[in-house]
Structures are given as structure tokens and as C-alpha cells.
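These notes are about the structure you will find just below.
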Amino acid sequence: MKTLQADQLVIDIPGRPSGQALDFAVEAGQVWGVLGPNGAGKSTLLHTLAGLRAPRSGAVRLDGQALTRLKRKRVAQQLGLVFQERQDGFPATVLETALIGRHPWLSPWQMEGADDLALAHQALQQLDVLELQDRLVSTLSGGERQRVAIATTLTQAPQTWLVDEPTNHLDLHHQVAVMNLLANQAASGRAVIMCLHDLNLAARWCSHVLLLYPDGEACWGPAADMLVPAALERLYGQRLLTVAVDGAPVFVPVR
Amino acid sequence: MIRPLLGLGAVALLAMLLALALGSVNIPPLELWQVMRGEGSVLSRTLLIDLRLPRTLAAFATGGLLAVAGALMQILLRNPLADPYVLGLSGGAAVGALLAMLAGLGTLLISGSAFTGAMLATLLVFGLAHGTGSWTSSRLLLTGVVVAAGWGAVITLMLALTPSYKLPGMLYWLMGDVSYARTPWLALGVLVLAVVVILPLARNLNVLARGPMQAAALGVSVRPLEWTIYLLASVLTATAVTTAGSVGFVGLIVPHMLRLVLGNDQRIILPASALAGGTLLVLADTLARTVIAPEQLPVGVITALLGVPTFLYLLHRSRG
């Protein structure tokens, strides 16, 4: 089942040639990793896929319908986005932050009910931040904030996840926990698209990979086909050593 | 969550009763009760129903309008130091009002001129900030602050050129003075209507407070919502300024004090701002009428004297 589809999509990065149009479909159960050097447009791609930025050309389709023709509220019921950067202008607690994930599901006069609260508690529990629920988000560490942000999207319960660097600020254990959580979301019939910097996380958890080159070129396909040393060395301009561990390739930069 | 609102409502009623009872002539509770039942002496009836009641209601409406407008501006600009006047709206209103006073026009025309000036100022800032394409909240804020400085210069120029016998009326207007209010009903109507319009949008505002991108990702149509808030806050402020001149600091301090106590859920903060802002201005106006009775102080002086220390305290806290 197709969930999110890029239809001859060219993302809009000022001053850059259009390069190759993206044309792929993400299906339920798949985990896509978007790889590319700094400034290649990974975040811009995620924002465009979420309908927050207009593409230069082409369209994004959600369940076959053009994103621009759907109401924002309906899009938010289907599509969740974890941002790389967050601003907290006004103080808010961890629980309040998780609860705003229910926003697209509530009508204007409706208050959050017991079931919404239960979903938020469950999500905070899964991200290991339930005991912080009454703390102000501004007092948390970077890794704790990252987990609260993921818990907010888990509370939102979208069919398709867009995640901008899910493992940012996380320690090794929580990196693995978060990647497993995202993989489980896919395994239970949802779809996940995430930007990653760590090739080895991509090799271990992604079913599909999209390589985004700084000149606008791109290629995509099953992870095993894309994660080959020659392509990755060109992508980052960095020589790599490859070893196989536990059935997956491990890439190590050459000094 | 309805309890704090009921509490604030009760305090508002008490404040209004106090405002009715106190003044150059104090009216004891028994007589107040008689007048409310349609009895009492003619003098007390005139004093209460024709003079103090409209003024008290006007003070309440003005305070409520300013506090709600301030709460909205703080969310729109995502800046806790924003107030209803931050975008130069009061400057536009003041220029309008002073022009009408210079021309020797009557109260009604002064009010109309102030309202026109306020709405012109709103459109000016919005048009300039819109400029070439998108506006961000920081660009809107910067445009507003610079335009406000321009209005300030025009006001100073006008005061310098004004014959001295006209100055006291102008200065009172600039500081804010409820005694200009002729009828409270328009302001009260706008306040009630605004709260009814904004309440179903209040959860959208909670999400918007986390930034426009996050809000859009959670299903908020950000641009139409921002337009609605900006226009609504402008109409509220213009109505308040037209009713009682530019009363300072209510729009800044009331939402902040409420956020410190009640948290930052706009579904509570907005109606609570209406009640608490109204109460504060009713009390301030009562003080303004009684401190040196039968002379009166402009109410804006009292709110600013309360507001300045609160503002400094908040600023101090925000650094720490």
C-alpha cells in the first residue's frame, strides 16, 4: 500500500540547479533513510514532503491525493513530522508538549479526554521520559528533549512518519531504542522516512535509502543496492572502509 | 479548569461593586442595594446609574480588551514582551485623536478619528512588514517598533505646536482616561464577541506558540490564523484606545501574571485575561477617582505605576 508519493518532485533550494526530479513511492512497512552531506537538502525534502514548503515543481501525494488539495488538519492526521530544531518561546511541561500531538484529532470545542491523556502517557513511557512529565521542557537535556519530540509524534499517531535526524543528541542506548521504535512503527503497517547522518544506522534499520547529492542529483532504491562504497564515497567525498558485521555492512571512514 | 474563571468572575463583580460605592461621595452598601432594586434617593440614582455605572463598565471593557489583545499579540509575535501597542497602533490612534482635538472637534469625532488612526496604523505596519513576500514575526515586530517610534515623533511635534490651553486635555488622553468614555456598550459588546470568536481557536494558539512550522505540521493553517489574530487584536486595541485613550501596561502585565499562576493554556488565559484585565482597570480607575478626590488622575498613570515594577521584575526573571 502506497502512503506517501513524490511525483516528479523537485525541491526548492534557492540558487541550486533543479537536478533530478524525485519520483518514488513509500509503502506501508518500509523504512526509508535519506542520506546526504550537509546542505544537500535533506531537511528541505522532509519539509516539502510534509507540505510545509512548496516544491519547485512536481507534487507530493498522500494516499494518491495531492497534498496541496487536502486540508492541513487532515494531512496532520496522516503525516507526522519530528523537527530537527524546536523553539520554545513559552514555558511548557513535558506532558503538555506530548499532548499537543492530539491537536489534529480534536474538534475546536473539544478538550483532551482520558484516552488522549492515556496515549500521551504511553508515548512518554515508550520514550523513557514519563518520569519527567511535569518538568518544563526548557529544563531538559538535548537528548531528553529529542525523546519528548518523538513522543509528541507518537501521541499524534500518524500513518507516515517524517523524522529529521531521530538520533540527534541521543546516547547509544537511546539511539538503538529510538531506531527500534521507528522500525516497529513500520512493522505494524506504518511508513517511516528519516534523515540520517550515520551510515551504519541506515544500513542496520532502513529498508530503502535515498541518496541526495549537493548538486541536486539523487538516487534511491532498496538499502542493499544503494549502500555500496562507491556511491557513498562520492556522496560524502570521503573514502570509506567496509566490513561486514552481523550480516550488515559497517562503514568506517579512512583517516 | 473552569474554577479559576469563576473565581476571577467573582472578584470582577466585587471590584465593580466597590467602584460603584466609592468616589467623591461614598455610597453605603444599604443604599447601593436600594438603588439596584429601583429605590433610593434621586441623587444616588443619578450618581450610580448615570455616572458611575457606565464609567465602571467602560473601565472593565477597556481593561478586558487590552489584556486579551496583549495575550494575542504575545502569541502572534511569540515574544513575551509584546503588548497591544507594540506595533504602533496606539501611536496612530493618538495622532488621530490629537488632530481632532487640535481642530476643536467634539468627543464623538475624537473617538472616530482615534479609531481611524488605529486601523490606519495597523494596515500600515502590516503592509510594510508584508513587503516583498513573506513576513516573519520578527520582521513584523521590527516594523511595528520602528513605525511606533515614527508616531512618537509626530505626537511630540504636534504637542510642541499646540497652544498651551489645549495641552492638558491632550496629555490626559495620551495617558489614558476612562472619563472620556461616553457609553460602555460598544466596548463591552466587542469584548464579549471577541472572546466568543477566539475560544474555539484557543487550542490552535497553543500550538502556534510552539512556532509556525510545528503548528503547520500539527494541522494548523498558520497564515489565516495569524491574520485573524492580528486583525482581532487590532480591532480590540482600537476599541479600547477609542474608549479610554492609550492606557498603558494592562495588556502586558495581565496575561503574564495569569500565565505565572495558571500556566499557558490559551483556553484559560484568554477568558481569564478578559476578566482580570477588566478588574485591574476598574480598581485602577477607582483609585484614580478617589486618591485626590474630587480631582481625578488619569487611570493610565495608575496602571503604569503598577505596570513598570512588574515589567522590570519579569525582565529580570527572564534573564535568570
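Bear in mind these aren't lab numbers, they're just calculated from the coordinates by the rules spelled out. Predicted model only: the values in this text are computed from it and were never measured. Please note: Cβ atoms are built from the backbone with ideal geometry, for glycine as well, and neighbour counts cover all protein chains shown.
To the nearest 10 degrees, how steep is helix B:299-319 against the longest Cα principal axis of chain B, on a 0 to 90 scale?
The helix B:299-319 is inclined about 40 degrees to chain B.
Pull out the extension gain between residue B:30 and residue B:167, defined as 0.36 nm times the separation in residues minus the alpha carbon to alpha carbon distance; nm, one decimal.
45.1 nm
Could you work out, residue by residue across B:262-275, how many beta carbons of other chains sit within 10 Å of that residue's beta carbon, and then give the average as an integer?
Per residue, the number of nearby Cβ atoms from other chains is 1 on average.
Restricting to bridges with both residues inside the stretch A:2-253, how much of the DSSP beta-bridge set is antiparallel, in percent to the nearest 5?
Around 60 percent of the beta bridges assigned by DSSP in the stretch A:2-253 are antiparallel ones.
Can you give the % of DSSP beta bridges in the protein assembly as shown that are antiparallel, to the nearest 5?
In the protein assembly as shown, DSSP labels about 60 percent of beta bridges as antiparallel.
Using the crude model of +1 on Lys and Arg Cβ and -1 on Asp and Glu Cβ, and no other charge, please compute the dipole size for chain B relative to its Cα centre, in debye to 20.
620 debye
Please average, across the residues of B:204-215, the number of beta carbons from any other chain that are within 10 Å of each residue's own beta carbon, and give a whole number.
Counting other chains' Cβ atoms within 10 Å and averaging over B:204-215 gives 5.
By per-residue mean of other Cβ atoms within 10 Å, what is the highest-first order of A:96-102, B:24-30?
A:96-102, B:24-30
Between residue B:223 and residue A:2, take the C-beta separation as r, use R0 = 25 Å, and let me know the FRET efficiency to the nearest 0.05.
Efficiency for this residue pair is about 0.25.
How do the peptides A:205-212, B:105-112, B:164-171 rank, highest first, by the average count of neighbouring beta carbon atoms within 10 Å per residue?
Result, highest mean Cβ count within 10 Å first: A:205-212, B:105-112, B:164-171.
How far is helix B:107-130 tilted off the main Cα axis of chain B, in degrees rounded to 10, range 0 to 90?
In chain B, helix B:107-130 runs at an angle near 10 degrees to the longest axis.
I want to check the label-to-label distance for residue B:138 and residue B:39. Put each point 7 Å from Cα in the C-beta direction and report it in nm to one decimal.
6.7 nm
With a Förster radius of 30 Å, plug the Cβ-Cβ distance of residue A:106 and residue A:139 into 1/(1 + (r/R0)^6) and report the FRET value to the nearest 0.05.
E between residue A:106 and residue A:139, to the nearest 0.05, is 0.65.
Per residue of the stretch A:201-209, in order, report the coupling 6.51 cos²θ - 1.76 cosθ + 1.60 (Karplus, θ = phi - 60°) as ³J(HN,Hα) in whole Hz, putting x for Gly and Pro.
Each residue's phi maps through the Karplus curve to give 5, 4, 5, 8, 10, 8, 8, 10, 9 Hz.
Using amide H atoms built 1.01 Å from N in the peptide plane, name the residues 5+ places from residue A:190, or on other chains, whose amide H lies under 5 Å from its own.
A:29
Pick out, from B:202, B:21, B:163, the residue whose Cα sits farthest towards the positive end of the charge dipole of the protein assembly as shown, with +1 on the Cβ of Lys and Arg and -1 on the Cβ of Asp and Glu.
Going by the charge dipole, the pick is B:163.
Let me know the charge dipole size of the protein assembly as shown about its Cα centre in debye, to the nearest 20, where only the beta-carbon of Lys, Arg (+1) and Asp, Glu (-1) is charged.
The dipole of the protein assembly as shown has a size of about 800 debye.
Other chains' Cβ within 10 Å of A:97-107 residues: what's the mean?
3
Suppose every K and R has +1 on its Cβ and every D and E has -1 on its Cβ; what is the size of the dipole of the stretch A:2-253 about the Cα centre, in Debye to the nearest 20?
Around 700 debye, computed over the stretch A:2-253.
222 nm [θ] for chain B, helices only, -39500 (n - 2.57) per DSSP H run of 4+, per residue, to 500?
So the helix-based figure for chain B works out to -24500 deg cm²/dmol.
Compute the distance from the alpha-carbon center of the stretch B:39-92 to that of the stretch B:142-219, in whole Å.
One Cα centre to the other: 11 Å.
Lys/Arg Cβ at +1, Asp/Glu Cβ at -1, dipole of the protein assembly as shown taken about the Cα centre: which of B:242, A:149, B:230 is farthest positive-ward?
Projecting each Cα onto the dipole axis, the largest value belongs to B:242.
Please list 3J(HN,Hα) in residue order for the stretch A:246-255, calculated via the Karplus relation 6.51 cos²θ - 1.76 cosθ + 1.60 where θ = phi - 60°; whole Hz, with x for glycine and proline.
Taking θ as phi minus 60°, the curve returns 6, x, 10, x, 10, 9, 10, x, 7, 5 Hz for the stretch A:246-255.
If each of residue B:185 and residue A:63 carries a label point 7 Å out from its Cα toward its Cβ, how far apart are those two points in nm?
Going from the residue B:185 label point to the residue A:63 one covers 5.1 nm.
Measure off 7 Å from each Cα along the Cα-to-Cβ vector at residue B:10 and residue B:123, then give the distance between these two points in nanometres to one decimal.
Going from the residue B:10 label point to the residue B:123 one covers 4.7 nm.
From the phi angles alone, apply the Karplus equation (6.51, -1.76, 1.60; θ = phi - 60°) to the stretch A:52-69 and give each ³J(HN,Hα) in whole Hz, x where the residue is Gly or Pro.
Running phi through 6.51 cos²θ - 1.76 cosθ + 1.60 with θ = phi - 60° gives 8, 10, 7, x, 5, 7, x, 8, 10, 10, 10, 6, x, 9, 4, 4, 5, 9 Hz.
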